[in-house]
Amino acid sequence: QVQLVESGGGLVQPGGSLRLSCAASGTPFSIYLMGWYRQAPGKQRELVANIPSGSSANYADAVKGRFTISRDNAKNTVYLQMNSLKPEDAAVYYCVATTALGTYWGQGTQVAVSS
């Protein structure tokens, strides 16, 4: 069973920045895909960004140019650097990791964007 522990959420003003982190543990298999989804109240969960092992990252159009995803394979950790945050970025952000055994989700971390 893979455990994902997220951190870094919080309240930020519009235009501000936050960095989310997600550390995975408990898997004997390689994590070939790590990423972030988000879900705002009343909306469906949506992909923010993901990064396959050894490949280029993928971003939702809404965050391209503002968010950067990266991963440290040695630490089984994925990061999401969020810049120029907008009120519409406010949501619960979920980390996701995929191994040969399946896809696993974190508990979520709240991001609020408000002045």
**OP:** Whenever you get a sec, compute what percent of the accessible area on the chain sits on carbon and sulfur atoms (1.4 Å probe).
**Re:** 48 percent
**OP:** Please work out the average accessible area per residue across the chain, using the 1.4 Å probe convention, and give it in Å².
**Re:** 53 Å²
Original post:
How much of residue 94 can a 1.4 Å solvent probe reach, expressed as accessible area in Å² and rounded to 10?
Top reply: 40 Å²
**OP:** Please find, in a Gaussian network model of the chain (springs between Cα atoms separated by less than 10 Å), the residue of 71, 38, 19 whose mean-square fluctuation is greatest.
**Re:** 19
Subject >> Calculated FRET efficiency for the pair residue 72/residue 114, C-beta based, R₀ 35 Å, to 0.05 >> reply: 0.70
Subject >> Whole-number D in µm²/s for the stretch 56-115 (Stokes-Einstein; Kirkwood sum over Cα pairs; 10 °C, 1.306 mPa s) >> reply: 121 µm²/s
Subject >> Length-normalised contact order for the chain - Cα pairs under 8 Å, 6+ apart - percent >> reply: 37 percent
Original post:
What residue among 84, 25, 55 has the largest mean-square fluctuation in a Gaussian network model of the chain, using Cα springs under 10 Å?
Top reply: 55
Original post:
List the lysines whose alpha-carbon lies under 23 Å from that of residue 64, not counting same-chain residues fewer than 8 positions away?
Top reply: 43, 86
Original post:
Given charges of +1 on the Cβ of Lys and Arg and -1 on the Cβ of Asp and Glu, with all other atoms neutral, how large is the dipole of the chain about its Cα centre, in debye to the nearest 20?
Top reply: 60 debye
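The values are calculated or read from the model by the stated rules, or taken from the named source; none is laboratory data. The structure displayed is predicted, hence computed values, not measured ones. FYI the Cβ positions are ideal-geometry reconstructions off the backbone, even for glycines, and counts take in every protein chain you see. Note: areas computed on protein heavy atoms with side chains; ligands, DNA, RNA excluded. Shrake-Rupley method; radii C 1.70, N 1.55, O 1.52, S 1.80 Å.
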